[in-house]
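Below is one structure, written out as structure tokens, with a few remarks after it.
The values are calculated or read from the model by the stated rules, or taken from the named source; none is laboratory data. Everything numeric in this text was worked out from a predicted model, so none of it was measured. Positions of Cβ are backbone-derived with ideal geometry, glycine not excepted, and every protein chain shown enters the neighbour counts. For accessibility, only protein heavy atoms count, side chains too; no ligands or nucleic acids. Shrake-Rupley method; radii C 1.70, N 1.55, O 1.52, S 1.80 Å.
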Amino acid sequence: MRWIAREHQFDFPRPMVVMGIVNTTPDSFSDGGQFLDVDAAVTHALRLANEGAEILDIGGESTRPGAPAVSEQEELDRVIPVIQRLAKRPELVLSIDTQKPSVARAAIDAGAAIVNDIAANRSKPEMWQVVAEAGAGYVCMHMQGTPQTMQTKPEYENVTDEVSGFFEERLALLSTHGVSIEQVVLDPGIGFGKTLQHNIKLLRDLNKFSFVERPMLVGASRKSFIEKLLGAPIHERLPASLACAAWAAIQGSQIIRVHDVAETIQAVRMAETLAR
Ligand code: 9MG
């Protein structure tokens, strides 16, 4: 299975790819404004790359439940200078975490190779046109509702079946909009319009998504369902985040999106070795 993101290529099976999170948002749910200026964000990103992150996911709009939407200009002002600086290092694979086609286009022009789209349930195709034209990698994530509404009352008859159906339907739709299947990875969207039980079921069922024959990206790092299950506040969620990453590796998921890169690499490499 191959994932193509502009000039970059990932061939699976191979060791799990770790995507490091670089938040440039002042209200980010876990960084809390720590990486507000460009220098600090770039330094943080380079540290994650040194620790072994193969992809850096740069975001300028918080996706925490209930987080306010930000304007296009504000998002551009946050992410583009960071991407421009990191793009001077061609070995880095840069991903833009955005729901806005205009931001995705500007980020690609600045050097991003991947669009991480938490709003892949969109009704307008503009984002897919941007991705198709650039030959960018595309993370197609499932979300019920929007970050503003998603945790109001998430409901599913069977969350795994609904997410599977979403993946099949989106892959067909993406292809009609010129996005090649090799550009796409799929993501069940842990925490996006899901209760604790939905999140646990999706994680338990990760290997059931292998039928779509596309790489699977999982993001569970420091998420609030960990607190709901275990009572752990935000800065005490590393052990449970590592357990989720190791589990995802054992279940055959290919990419893990995390804050704590060095620790995650150690956990998933051990899990992969034991599962072999
Ligand atoms: C931006 N963002 C926050 N959580 C995420 C997740 O689980 N997956 C992806 N693709 N993006 C996420």
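Observations, loosely collected:
- Residue in the range 159-192 that is farthest from the ligand (Cβ to nearest atom), counting only those that are in contact with a strand residue (DSSP E or B) (Cβ under 9 Å, 6 or more places away or on another chain) and assigned to a loop (DSSP other than H, G, I, E, B): Ser180
- Selection count, the range 219-245, where residues are within 26 Å of Phe12 (Cβ to Cβ), aliphatic (A, V, I, L, M), in contact with a Ser or Thr (Cβ under 9 Å, 6 or more places away or on another chain) and in a helix (DSSP H, G or I): 2
- Taking the range 122-140 as the range and being in contact with a Phe, Trp or Tyr (Cβ under 7 Å, 6 or more places away or on another chain) and of a type outside the set (A, V, I, L, M, F, W, C) as the test, only Gly137 passes.
- All of (1) buried (at least 16 other Cβ atoms within 10 Å of the Cβ); (2) in a helix (DSSP H, G or I); (3) away from the ligand (no atom under 14 Å from the Cβ) hold for Pro154 with one exception: (2).
- Filter result (without any contact (Cβ under 8 Å) to a residue 60 or more places away in the chain, within 18 Å of Glu162 (Cβ to Cβ) and within 15 Å of the ligand (Cβ to nearest atom)) within the range 197-224: His198, Asn199, Ile200, Leu202, Leu203, Leu206, Phe209, Met216, Val218
- Given (1) open to solvent by 30 Å² or more (accessible area, probe 1.4 Å); (2) at negative phi, index of the condition Gly145 fails: (2)
- Filtered by the rule that a residue be out of contact with any Gly (no Cβ under 7 Å at 6 or more places or on another chain) and within 16 Å of the ligand (Cβ to nearest atom), the range 80-97 gives Val82, Val93, Ser95, Ile96.
- Selected residue (only one of Glu72, Glu51 is more than 18 Å from the chain's Cα centre (by Cα) and over 24 Å from Ala220 (Cα atoms)): Glu72
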